Amino acid sequence: MSSYSLAIHGGAGTILKSEMSPEKEMAYTTALREALDTGESILLKGGSSVDAVIAAVSSLEDCPLFNAGRGSVFNAVGGHEMDASIMDGSNRMAGGVAGISGIKNPIRLARDIMDKSGHVLLIGEGAIAFADAQGFERMPPEYFHDAFRYAQWKEVQGTEAVQLDHTIIDKKFGTVGAVALDQHGHLAAATSTGGMTNKKFGRVGDSPVIGSGTYANDRTCAVSCTGSGEFFLRGVVAYDVSCLMEYKGLSLQAACDEVIHHRLLEIDGDGGLIAVDALGNIALTFNTEGMYRARVKQGQELFVGIYR
Ligand code: ASP
């Protein structure tokens, strides 16, 4: 039996303590803790890393503070298009969903796509038809309507500007994700997002793309990313971390540092990632001012962080 490890993120970006009220800080910290506890309770009982990352990400999707599920940002036509993906490191099965609306927990749909569709990635109407066939509940548009997100969109509506989440200050990202190693030695990663405010109708980022926003392989690591998706797609970031470990023998932290602090910066990409390796080591790496994040290892005190 291995010791379990779990890490989660709620997005990276220009998150400055000077801009944060104590109440808001407390709300974020509490939400991160709740999501971590939800995932950890599964690992503690010997549950699978896949179940744990799904539970943690669903908890974050239900919290309007984060840009995923309920708190998803508005696209250029005033709607929501959500993306999510999951990968099981034990067999490298994967499922992703892109450009969907009306589904409460896109990550659960991604899991069903992995387990039951015979495909890896479903999009738009076809994904919704699959969700209906699986009995997923549809949520009304009001469920996803958040006054703050609406105001964010109104600021840039009708322009070409595309904003990353919580862009009151400059750039922040609100995507959510989780990575875990369970007691049976299996790794899993999951990521979910509403994308970017005012993104073009039909735009797909890195989050539902296996290898870019999400990757897991029991031989190396599990990774979930957040940041400007176009750069993470071009950098094939999550898989690159795994490759650096597998082909170059880098440690988890060294691989994450190389990708986030060197390769991503070379193409002007900003953001971060969370990762766990087969030994239970955890990396929380970002090249932005902050990243909402939390981690726990079996028998150790949990950590919740926001700023650099
Ligand atoms: N990576 C996400 C996207 O580009 C955004 C984010 O991380 O906030 O859709």
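The values are calculated or read from the model by the stated rules, or taken from the named source; none is laboratory data. The model shown is predicted, which means the values in this text are computed figures rather than measured ones. Cβ atoms come from the backbone with ideal geometry, glycine included; neighbour counts cover every protein chain shown. For accessibility, only protein heavy atoms count, side chains too; no ligands or nucleic acids. Shrake-Rupley method; radii C 1.70, N 1.55, O 1.52, S 1.80 Å.
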If I filter the range 41-54 for residues that are modelled with pLDDT under 95 and aliphatic (A, V, I, L, M), do I get at least one hit?
no
Restricted to the range 61-100 and to residues being over 22 Å from GLY211 (Cβ atoms) and over 17 Å from the mean Cα position of the chain (by Cα), the residue surrounded by the fewest Cβ atoms within 10 Å (Cβ to Cβ) is VAL77
Restricting attention to the range 196-229, which residues are within 14 Å of the ligand (Cβ to nearest atom), small (Gly, Ala, Ser) and either assigned to a strand (DSSP E or B) or touching a residue at least 40 places away in the same chain (Cβ under 8 Å) (or both)?
GLY202, GLY205, SER207, GLY213, SER224, GLY227, SER228
Against the conditions (1) in a helix (DSSP H, G or I); (2) over 20 Å from ALA7 (Cβ atoms), where does GLY269 fall short? Just the number, please.
(1)
Quick one: would you say VAL204 is within 16 Å of the chain's Cα centre (by Cα), open to solvent by 10 Å² or more (accessible area, probe 1.4 Å) and closer than 26 Å to ASN287 by Cβ?
yes
If you go through the range 182-195, how many residues are over 13 Å from GLY229 (Cα atoms) and either within 11 Å of the ligand (Cβ to nearest atom) or buried (at least 20 other Cβ atoms within 10 Å of the Cβ) (or both)?
6
How many of the residues in the range 230-254 are in a helix (DSSP H, G or I) and under 24 Å from THR14 (Cα atoms)?
11
Options ALA52, ALA84: the member that is closer than 23 Å to SER101 by Cβ and of a type in the set (A, V, I, L, M)
ALA84
Could you list, in sequence order, the residues of the range 1-60 that are open to solvent by 30 Å² or more (accessible area, probe 1.4 Å), more than 17 Å from ALA278 (Cα to Cα), in a loop (DSSP other than H, G, I, E, B) and touching a residue at least 60 places away in the same chain (Cβ under 8 Å)?
LEU16
ASP115 fails exactly one of the following numbered conditions: (1) of a type in the set (D, E, K, R); (2) more than 18 Å from the chain's Cα centre (by Cα); (3) open to solvent by less than 10 Å² (accessible area, probe 1.4 Å). What is the number of that condition?
(3)
Which listed residue, of ARG149, ARG92, ARG111, ARG138, is within 16 Å of the ligand (Cβ to nearest atom) and not hydrophobic (A, V, I, L, M, F, W, C):
ARG149
Residues (within 9 Å of the ligand (Cβ to nearest atom) and either at pLDDT below 80 or open to solvent by 20 Å² or more (accessible area, probe 1.4 Å) (or both)) located in the range 167-181
LYS172, PHE173
